[in-house]
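To start, the structure under review is shown below, and the notes come after it.
Please treat every number below as a calculation from the coordinates, not as lab data. Worth saying up front: this structure is predicted, and the values here are computed from it rather than measured. Counting neighbours? That spans all protein chains shown, and the Cβs are built from the backbone with ideal geometry, glycine included.
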Ligand SMILES: Nc1ncnc2c1ncn2[C@@H]1O[C@H](COP(=O)(O)OP(=O)(O)O)[C@@H](O)[C@H]1O
Ligand SMILES: [Mg+2]
């Protein structure tokens, strides 16, 4: 048995029928990538680098043009496996309003389960469990449209969780949220990952990527970098060359080091920075 997720030499093109003759836009170029069960992988890359296209390969919304994508050994091109693949890999998108279908929270979370004919008692159990996991159980009888963006996104995540996926791919789930909503989603993601759910998080927030176990940087349809967050964010110049940045706190520590303050140069989280500064101040 191979890895949990295997992307082998995958290329993918969109055909633009509006052009005459139709043109082909190759947006993923010979990508190979393996992800183990239980990993928390962040994917970075400027707009148009192919992140969303890659995400949609993971649950057979997109099929590879060449190469193959295997989910727990299941080839995404095999139509017979579509249902099993989509149960294994759930997707959460940017806009929670587009993902919410019902007028009561618990009905929304139950929606997909009802569609696949899960029995009512089991639906009740799974809906309650999923709502608890995202911290929204008390809101089960509320109207989703009255909730905050972060709460709505947590309901959308609960709907995916109710299907008991082993992996959740999130495509910029915090992009439309305020700072509080973003923090709520990051906490939820980290809790789910701690329980063993594999997470693929596409984000344009460096601070979010810094919390992952692994960071992949895409550029023009290729993987430019792949490593631990400290390793990736230590290469500020390379990131800047593809229009990305390092977390603000990394920039700040580099400025402090330049000003003669004795700090490590690989700080990527605020907590770590605070702790190191606190120790320096106590010593001084
Ligand atoms: N449905 C589509 N049809 C045609 N071209 C698309 C479609 N979706 C994305 N593209 C093009 O593919 C490229 C990669 O897009 P995408 O995967 O959405 O990148 P990202 O998520 O990194 O911004 C872009 O040039 C985009 O214009
Ligand atoms: Mg995208």
Using the alpha-carbon centroid of each, what span in Å lies between segment 161-220 and segment 241-284? 24 Å
Can you list, largest first and rounded to whole Å, the semi-axes you get for segment 136-284 by taking the square root of 5 times each eigenvalue of its Cα gyration tensor? 32, 20, 14
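When the helix-only estimate is applied to the chain (DSSP H runs of n ≥ 4, each -39,500 (n - 2.57), divided by the residue count), what is the mean residue ellipticity at 222 nm, nearest 500 deg cm²/dmol? Don't skip to the answer; put the middle values down first.
Values: 12 runs with 112 residues, N = 284.
Calculated mean residue ellipticity at 222 nm is -11500 deg cm²/dmol.
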Rounded to the nearest whole Å³, what is the per residue volume of the convex hull around the Cα atoms of segment 229-284? 69 Å³
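For segment 76-158, what is the convex hull volume of its Cα atoms per residue in Å³?
Details: hull volume 8.4 nm³, N = 83.
Output value, Cα hull per residue: 101 Å³.
How big is the Kirkwood radius of segment 1-150, worked out from every pair of different alpha carbons and given in Å to one decimal? Let's see the in-between values first.
On the way: mean 1/r = 0.0558 Å⁻¹.
Hydrodynamic radius (Kirkwood, Cα only) of segment 1-150 equals 17.9 Å.
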Among DSSP beta bridges lying fully in the chain, give the percent that are antiparallel, nearest 5. 55 percent
Could you check the spin-label model distance between residue 195 and residue 282? Points 7 Å from the Cα along Cα→Cβ, value in nm. 3.5 nm
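Restricting to Cα atoms and excluding each atom paired with itself, what does the Kirkwood estimate give for the chain in Å?
On the way: mean 1/r = 0.0492 Å⁻¹.
In the chain this quantity evaluates to 20.3 Å.
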Pick from 247, 229, 179 the residue whose mean-square fluctuation is largest in a GNM of the chain, springs joining Cα atoms under 10 Å. 179
Ratio of Rg to Rh over segment 1-54 (Cα coordinates, Kirkwood Rh, two decimals): 1.10
